[in-house]
1. Would you point out which residue out of E344, E296, E288 is buried (at least 16 other Cβ atoms within 10 Å of the Cβ) and either in the same structural domain as H240 (by TED's automatic domain parsing) or among the aromatic types (F, W, Y) (or both)?
2. Six or more apart or on different chains, Cβ atoms under 7 Å: show the pairs whose first residue is in region 188-207 and closer than 13 Å to V330 by Cβ and whose second is surrounded by 13 or more Cβ atoms within 10 Å (Cβ to Cβ) and among the hydroxyl-bearing types (S, T, Y).
3. When you scan region 291-317, how many residues do you find that are within 8 Å of the ligand (Cβ to nearest atom), of a type outside the set (F, W, Y), farther than 29 Å from L245 by Cβ and assigned to a loop (DSSP other than H, G, I, E, B)?
4. Which of the residues belonging to region 318-346 are more than 8 Å from the ligand (Cβ to nearest atom), assigned to a loop (DSSP other than H, G, I, E, B) and of a type in the set (A, V, I, L, M, F, W, C)?
5. Going through region 52-74 one residue at a time, which ones are charged (D, E, K, R) and surrounded by fewer than 18 Cβ atoms within 10 Å (Cβ to Cβ)?
6. Does Q199 satisfy the condition of being of a type in the set (S, T, N, Q) and within 30 Å of Q290 (Cβ to Cβ)?
7. What's the number of the condition D249 fails, among (1) part of a loop (DSSP other than H, G, I, E, B); (2) more than 11 Å from the ligand (Cβ to nearest atom)?
8. Where the second residue is of a type outside the set (A, V, I, L, M, F, W, C) and assigned to a helix (DSSP H, G or I) and the first is not assigned by TED's automatic domain parsing to the domain that holds F306 and surrounded by 12 or more Cβ atoms within 10 Å (Cβ to Cβ) and lies in region 141-154, which pairs have Cβ atoms under 7 Å and are six or more apart or on separate chains?
Amino acid sequence: MSVSTRTGNGTSLECSAPAMRLPPGIASVLSVLSSSAVVLDRQDRVLQASEAARSFGLVQGERLMASELLALARQVRRDGEIREGEFEVSAGGKIGGRMTSFAVRVAPLGGDVGCEGLVLVLAEDQTESRRVEEVRRDFVANVSHELKTPVGALALLAETVEDAADDPDAVRRFAGRMRQEASRLTNLVQDIITLSRIQAAEPVPDPVAVQVDAIVAEALDRCRMKANARGIALAEVGDHGLGVLGDEDLLLTAIRNLLENAVAYSPERTRVLVTTRRADDRVEISVEDQGIGIPERDLQRIFERFYRVDPARSRATGGTGLGLAIVKHVTAAHGGAVTVRSVEGAGSTFTLSLPLRSSHAGSGSA
Ligand code: ADP
């Protein structure tokens, strides 16, 4: 017989061994734990298991899957020592299924009358924290690699300047290149700081009212010099007076990154258009260029840190490879999303969609 008890918080515990029942109190304690919980009886049968333990494939019927875990439980029953460990189980107990990593803690439930020989297994799903840790490790490795390039170039240039001390023209030329590398380094460090700052603050803490017109105008101003230098016309159209809630600096950075890319990846004498419009309860800000476009196969990856379609071109334009990762995190931190449409050789349109600041909060929306 199998009895299912659903508790107040929606966690379900199943009592499946007819021979023994769990002492009152223990079942209710287990039901509020966030970890997968399993209680084994003296014959290693599953006396009780949380829904999570079953759906993760830790338990099937009356059996605890994963022989290492069972061995651990037996040791605990023998000597009464609490043990911890880590191991993997395939999803749903299927061979070849997705593996889930668990941190487990196994303890005897003995002591109270009725609990002799019972063993409690608590398993915490580590998959997400492992993934986050992996992403962090990759990021640190990538950052180190990216920093090496300008730092190495600076060291080489400094040596060359020393060697050319008697040639003022050469010194001037190499000093100019040193300035370029130093500025690449500054941009990289700045982008890393911005990215860490947003990731530590998702969603944006203490959001304030931000006027979309103002940040679009400011972003256009900051890109104008680079655009003028390449004969690229910047234009702006759409609805005015729209507001969003958020962090003005971060939103400005996101729009500016899109504009800088639009200019950097466009041929001379083209135009870049910023369109702002209200779509129901959202504000859409699009940046459209007539540039080189992005191949279909790269569209999904360009928002990853340090992903570049053409690394040489990105380097030539002074790109850090972090611009779009910043855009993605900034929009997510504002409850929004960023999308891209692109045709190789014809141009790209990046669109930020952000929640509109409601008019009762004084947005003055159009
Ligand atoms: P980067 O500093 O290299 O520009 P980003 O994260 O801003 O890094 O962009 C990632 C890559 O996406 C770029 O290297 C480039 O290949 C591509 N990309 C971004 N914006 C555009 C655009 N407007 N047109 C064409 N390619 C673009």
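The values are calculated or read from the model by the stated rules, or taken from the named source; none is laboratory data. Just so you know, these numbers come straight off a predicted model, no measurement behind them. Ideal geometry is used to build each Cβ from the backbone, glycine not excepted, and the neighbour counts take in all protein chains shown.
1. Values: E344 fails: buried (at least 16 other Cβ atoms within 10 Å of the Cβ); E296 fails: buried (at least 16 other Cβ atoms within 10 Å of the Cβ).
Only one candidate passes the filter, namely E288.
2. If the second residue must be surrounded by 13 or more Cβ atoms within 10 Å (Cβ to Cβ) and among the hydroxyl-bearing types (S, T, Y), the pairs left are D191/T320; T194/T253.
3. Matching residues across region 291-317 total 8.
4. Once the filter is applied, which keeps residues that are more than 8 Å from the ligand (Cβ to nearest atom), assigned to a loop (DSSP other than H, G, I, E, B) and of a type in the set (A, V, I, L, M, F, W, C), region 318-346 yields only A346.
5. Residues of region 52-74 that are charged (D, E, K, R), as a first pass: 54, 62-63, 68, 74.
Result: E62, R63, E68, R74.
6. Values: of a type in the set (S, T, N, Q): yes; within 30 Å of Q290 (Cβ to Cβ): no.
Criteria not met by Q199.
7. Of the numbered conditions (1) part of a loop (DSSP other than H, G, I, E, B); (2) more than 11 Å from the ligand (Cβ to nearest atom), the odd one out for D249 is (1).
8. Listed by first residue and then by second, the contacts come to P150/E181; P150/R184; A153/E181; L154/E181.
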